[in-house]
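Notes to accompany the following structure.
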Amino acid sequence: MHYQPQIDLRGGQVVGVEALIRWRRPGQGLIQPGAFIGIAEESGLIAPIGRWILQEACRQAAAWQRAGLSLGRVAVNLSAVQFRQGVVEQDVRSALKTSGLDPNRLELELTESTLLQHDESVMAMLAQWSALGIHLAIDDFGTGYSSLAYLKRMKVDKLKIDRSFITGLLHEDENRAIVRAMIQIARSLQIDTLAEGIEDPLVAEQLKALGCDGVQGHWYSEPLPAAELEQWLKRRAA
Ligand code: C2E
Ligand code: MG
Ligand code: MG
């Protein structure tokens, strides 16, 4: 697992880390998830991999919490297939139990395609997670089948604005208009916004002016192994 910090735009503090998987393949180095998550989903291997991801991310977050490191919540990406296979409820419960992590310290990232399955049992499960204190974030917001209906059917804590809207923010009026509208919708529903893929401090400034709550991107840090992230946090505090 690698972890990428998420920063609060007003206060500048680290409010969370997103867990991002890589495959260390002997002889081939580090393989990025774009190259294997889709295959894992098709083959059904995403179930054991996803279980391991939840266990590992919760174990690491609990260790950070015990060590007094202020890294906030750990955000874990969930695949729609984990929901379809009906394994995710048990996997989340067991990862929390084994690690002892406070459910308040866990955020689950869902995609629009997961929610569009419109399944009542999924909605009930999400409500149960919310009641436990687990945060729910919508990943890549605005890139899937953007139905706004689920924003009123479930308790969403955070919208993650996709990098494709952020990259051209400074020079493309359309992107700015879309991002502004997303932030306004979220704000009026008391949902936080976090923009992905910030590579330029001017973009962060612009997002702050638009009222975005948080950011994540290479400008702050690339996703790092846990030990390197701890070093990054120390350097930052110094
Ligand atoms: P995502 O969840 O939207 O993750 C954000 C992606 O943006 C990550 O790519 C991250 O490394 C990248 N990123 C962050 N900041 C910047 C930036 O400033 N510039 C650029 N160019 N990229 C940036 P990554 O790690 O390659 O992951 C790609 C996708 O693979 C993720 O998109 C997610 O959908 C999936 N994925 C990654 N890890 C997991 C996992 O543990 N479980 C599942 N189910 N999916 C995962
Ligand atoms: Mg994500
Ligand atoms: Mg995303």
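Bear in mind these aren't lab numbers, they're just calculated from the coordinates by the rules spelled out. In this text, all values refer to a predicted model and were calculated from it rather than measured experimentally. Here the Cβ positions follow ideal geometry from the backbone for every residue, glycine too, while neighbour counts run over all protein chains shown.
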| task | Mind putting a number on the dipole of the range 38-170 about its Cα centre? Charges go on the C-beta only, +1 for Lys and Arg and -1 for Asp and Glu, and I need it in Debye to the nearest 20. | result | 460
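With the Cα gyration tensor of the range 4-121 in hand, give its eigenvalues times 5 under a square root as the equivalent ellipsoid semi-axes, listed largest first in whole angstrom.
On the way: eigenvalues 114, 70, 46 Å².
Those come to 24, 19, 15 Å.
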| said: To check you understand DSSP bridge types, tell me what percent of the beta bridges within the chain (both residues inside) are antiparallel, rounded to 5. | reply: 35
| field | Whole-Å distance, taken between Cα centres, linking the range 18-74 and the range 202-238 | value | 20
| Cα gyration tensor shape of the range 122-238, rounded if a/c is under 1.5, else prolate or oblate by comparing a/b with b/c | oblate
| note | Once the dipole of the range 34-180 is set up from charges on Cβ (+1 Lys and Arg, -1 Asp and Glu), the residue from the list CYS58, SER147, PHE36 lying farthest towards its positive end is CYS58
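What number, rounded to the nearest 500 deg cm²/dmol, is the helix-based mean residue ellipticity at 222 nm of the chain, given -39500 (n - 2.57) per DSSP H run of at least four residues and division by all its residues?
On the way: 11 runs with 108 residues, N = 238.
That calculation yields -13000 deg cm²/dmol at 222 nm.
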| field | Tensor-based shape of the range 2-237 (alpha-carbon gyration tensor, a/c under 1.5 rounded, otherwise prolate or oblate) | value | rounded
| query | What lysines sit close enough to LYS155 to cross-link, taking a C-alpha to C-alpha distance under 27 Å and skipping anything fewer than 8 places away on the same chain? | reply | LYS97, LYS208
| message | Using a Gaussian network model on the chain with a 10 Å cutoff between Cα atoms, which of ALA57, ALA149, ALA95 fluctuates the most? | response | ALA149
| note | chymotrypsin sites (Phe, Trp or Tyr not before Pro) in the range 131-172 lying in a DSSP loop, each with at most 14 other Cβ atoms within 10 Å of its Cβ, come to TYR145
| Percent relative contact order of the range 2-237, based on C-alpha pairs within less than 8 angstrom and at least six residues apart? | 20
| field | Charge dipole (debye, nearest 20) of the chain; +1 at Cβ of Lys and Arg, -1 at Cβ of Asp and Glu | value | 720
